[in-house]
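Reading through the structure tokens given below for one structure.
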Amino acid sequence: MDERPETELISIPATPRVSTPEIQTPSGQRSPRPAGQKSSTAWTPTSFISPRFLSPIGTPMKKVLINMKGYLEEVGHLTKLNPQDAWLPITESRNGNAHYAAFHNLNAGVGFQALVLPVAFAFLGWSWGILSLTIAYCWQLYTLWILVQLHEAVPGKRYNRYVELAQAAFGERLGVWLALFPTVYLSAGTATALILIGGETMKLFFQIVCGPLCSSNPLTTVEWYLVFTSLCIVLSQLPNLNSIAGLSLVGAITAITYSTMVWVLSVSQQRPPTISYEPLSVPSSSAALFSVMNALGIVAFAFRGHNLVLEIQATMPSTFKNPAHVPMWRGAKVAYFFIAMCLFPVAIGGFWAYGNLMPSGGILNALYAFHSHSIPRGLLALTFLLVVFNCLSSFQIYSMPAFDSFEAGYTSRTNRPCSIWVRSGFRVFYGFVSFFIGVALPFLSSLAGLLGGLTLPVTFAYPCFMWVLIKRPPKYSFNWYFNWILGWLGVAFSLAFSIGGIWSIVNNGLKLKFFKPN
């Protein structure tokens, strides 16, 4: 390759410049010859399709051969795919685009976790609550950009799943140990929490709509969990991640709508007379510390979704000229703009409306407890119904990595794709396992803190380490120091928030309601 600038090549008097026309690949993508490439007489797989060779051939045949040349050149830049990927839910379909990316990221990024944010503010207060929420938002947006860029960090290789990228960065064994547990726990824990909030919200919706006409033997909370789980299992029969794009769109629209309705309805009503904005008092300094750690874990859990970024990007086609990170980042930016428009008003508006009177279940429970008689029944019922729709949609996208793992184990052993019955069996099994876990652990706010602590490295720590180990910025440079510091801070926060979450479960959740059949 001649490293001289192009202007120097043009100035050679004995060799007139001949421009190489851009060609069209079969997919319609432009594939010009790389700039400044030195001509060679060596034979290549496409050298027989040269302009000199094509000159005596008719126009139709010439176009076919030119397109073939473009295709062969483009294939040189295509990723070598694992044939098994064509059988798995995440990589089975690769016709995603920026719109799908926005739908999926918004559905994964906004949900029931926003409703619990005012609970964290009740322990942190105004200043620390807003500061921690802002820092967490900027931090996770940076690590999101890292994951999008690392999806194709190595030419010819796509890291379609979070665990695959972790293996590339930390090694085959260590990567599995570090990433498998938190990603699986995040997917399964989120599915369990969705069953909790979805079932309880369906119960409240039924009470609002039915009112005094309800029968004398209404469904118990556990039975509502079962109803919600059954609906989730029915919707989970959609085969792959791209096939649930419509559900993600529904989830995104309902999340934005009910988040806005919840905080608007809360701030428009008269505040309780005994409201206070002082952080909740606890009997000892150690209890205060653990409560703050649990509250910060709730904030961290509000920014879940990084365990799905690579999977969402894997559903998009990618070539040398049109890499997948371009539409992915475009869709992610739109999604996270709306995520900020949902999370910040809910946290700030909810705390302003209820202060330290905020119940442990979040702003939705506060709205029902304080204003169920002052807000029109139809408006309140609509809010709860939108929450149910959003939980049904979010369950699908968070469960998809688990479905993918089940089917990957099956296809690797049998060397054939899952039949419709096997695939359905895996999803029914997963749904009911999540249901039984939800019955055993029905304390949402404490579970949210623990989930945030244990899965925090997936969002805040691991991407920074991966960037240093894969991209290898100059040692002791600002980029090197910045990512190492962020990564180790994420690990330290993860340990602290996990301890706070466990303390909150032991001292609050188990004490208040370990198992309430009604």
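For the set T229, T221, solvent exposure ranked by accessible area (probe 1.4 Å, protein chains only) runs largest to smallest as T221, T229. Normalised per residue, the accessible area of region 95-506 is 39 Å², obtained with a 1.4 Å probe and no contribution from ligands, DNA or RNA.
Taking the Cβ-Cβ separation of Y142 and N217 as r and a Förster radius of 41 Å, what is the calculated FRET efficiency to the nearest 0.05?
On the way: r = 53 Å, r/R0 = 1.29.
So, using R0 = 41 Å, E works out to roughly 0.20.
In this structure, the residue pairs whose Cα-Cα separation is over 23 Å, taken from K321/K471; K321/K475; K157/K471, are K321/K475. Taken as Cα centroids, region 355-384 and region 148-195 sit 38 Å apart, rounded to the nearest whole angstrom.
Kindly rank 241-253, 456-468 from highest to lowest mean number of other beta carbons found within 10 Å of each residue. Walk me through the numbers before you get to the answer.
Working: 241-253: 21.2, 456-468: 25.3.
Sorting 241-253, 456-468 by mean packing, highest first, produces 456-468, 241-253.
Only Lys, Arg, Asp and Glu carry charge here, each on its Cβ (+1 for the first two, -1 for the last two); on that basis region 95-506 has a dipole of about 780 debye about its Cα centre. Ligands, DNA and RNA aside, V422 has an accessible area near 40 Å² when probed at 1.4 Å.
In this structure I135 has an accessible area near 90 Å², from a 1.4 Å probe over the protein heavy atoms.
Summing Lys, Arg as +1 and Asp, Glu as -1, what charge do residues with Cβ under 15 Å from the Cβ of F103 carry, F103 excluded?
On the way: positive: R330, K333; negative: E311.
Here the count lands on +1.
Rounded to the nearest 0.05, the FRET efficiency derived from the C-beta distance between S276 and F181 at R0 = 35 Å is 0.30.
The value of relative contact order for region 95-506, using C-alpha pairs under 8 Å at least six residues apart, is 36 percent.
Report, in whole Å, the centroid distance computed from the Cα atoms of region 274-301 and region 470-501. Region 274-301 and region 470-501 have Cα centres separated by 25 Å. Taking all protein chains as they are arranged and a probe of 1.4 Å, the heavy atoms of Y476 leave approximately 140 Å² accessible to solvent. Label sites at F432 and N322, each approximated as a point 7 angstrom past Cα along Cα to Cβ, lie 4.5 nm apart.
With a 1.4 Å probe and every protein chain kept in, tell me what percent of the accessible surface of region 95-506 is carbon plus sulfur. Its accessible area is 71 percent carbon and sulfur atoms.
With a simple spin-label model that places each label point 7 Å from the Cα along the Cα-to-Cβ direction, the separation between W126 and I420 comes to 6.0 nm.
The values are calculated or read from the model by the stated rules, or taken from the named source; none is laboratory data. Here the structure is a predicted model, which is why all the values come from computation and not from measurement. Methodologically, a virtual Cβ is constructed for each residue, glycine included, from the backbone with ideal geometry; neighbour enumeration extends over all protein chains shown. All accessible areas refer to the heavy atoms of the entire protein, side chains included, with ligands and DNA or RNA removed. Shrake-Rupley method; radii C 1.70, N 1.55, O 1.52, S 1.80 Å.
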